[in-house]
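The values are calculated or read from the model by the stated rules, or taken from the named source; none is laboratory data. Model, not experiment: these values are computed from the prediction. Cβ sites come from the backbone with ideal geometry, for glycine too, and all protein chains shown count toward neighbours. Accessible surface areas use protein heavy atoms only, side chains included; no ligands, DNA or RNA. Shrake-Rupley method; radii C 1.70, N 1.55, O 1.52, S 1.80 Å.
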Amino acid sequence: MTRTQLFDFIAKHKLGVLGYLSPQGAPRSALVGIAVTPELEIIFDTVSSSRKYGSLIANPAASFVIGWEGEVTVQYEGRAFQPTGADLARYQQVYFGAWPDGPERLSWPGIAYFVVQPQWIRYSDFDRRPPLIEDLTF
């Protein structure tokens, strides 16, 4: 499994389950719309009034599960940050490429973007015999 193959797999999925911790350390999850960069960074939007926003500001540890057709998935762990300035504009363009309605949400009160940079990714394909399981560490 190459990085390009991982990128292709993630890019064909528009949704991912985001895992994060509350400020008190309780596990939480949310289904979010995602986009991915060639560097395997995941981008999503939210609003500043959401639970995930405050939680990721307090603790940037984040995880994703992506893909659930058959038994082929990506498990993804990383650190979230809010891009600013020119970086924000660059990440928004990637996100808007996956979500053409994204610019309409720019008028929403408190709209915010997070980027999650990978630290560990596991690709699992249990539809194959024998199964294919590969880990990447960043």
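Odds and ends about this structure:
- GNM on the chain, alpha-carbon springs under 10 angstrom: the most fluctuating residue among ILE43, ILE66, ILE111 is ILE111.
- The range 99-138: trypsin sites (Lys or Arg not before Pro) falling in loop per DSSP and having at most 16 other Cβ within 10 Å: ARG128
- Maximal additional length on extending the SER49-LEU31 stretch stands at 4.9 nm, based on 0.36 nm per residue less the C-alpha distance.
- For the chain, with all protein chains in place and a probe radius of 1.4 Å, 54% of the accessible heavy-atom surface sits on carbon or sulfur.
- Among PRO83, PRO118, PRO109, the largest mean-square fluctuation in a Gaussian network model of the chain (Cα springs under 10 Å) belongs to PRO109.
- Accessible area expressed per residue, the range 21-138, with surrounding protein chains retained (probe 1.4 Å, Å²): 52
- Here the gap between PHE7 and GLN82, fully extended at 0.36 nm per residue and compared with their Cα-Cα distance, gives a gain of 24.9 nm.
- Using 0.36 nm per residue and subtracting the Cα-Cα separation, the extra length available between ASN59 and PHE138 on full extension is 26.5 nm.
- Solvent-accessible surface (1.4 angstrom probe) belonging to PHE126, in square angstrom, nearest 10: 80
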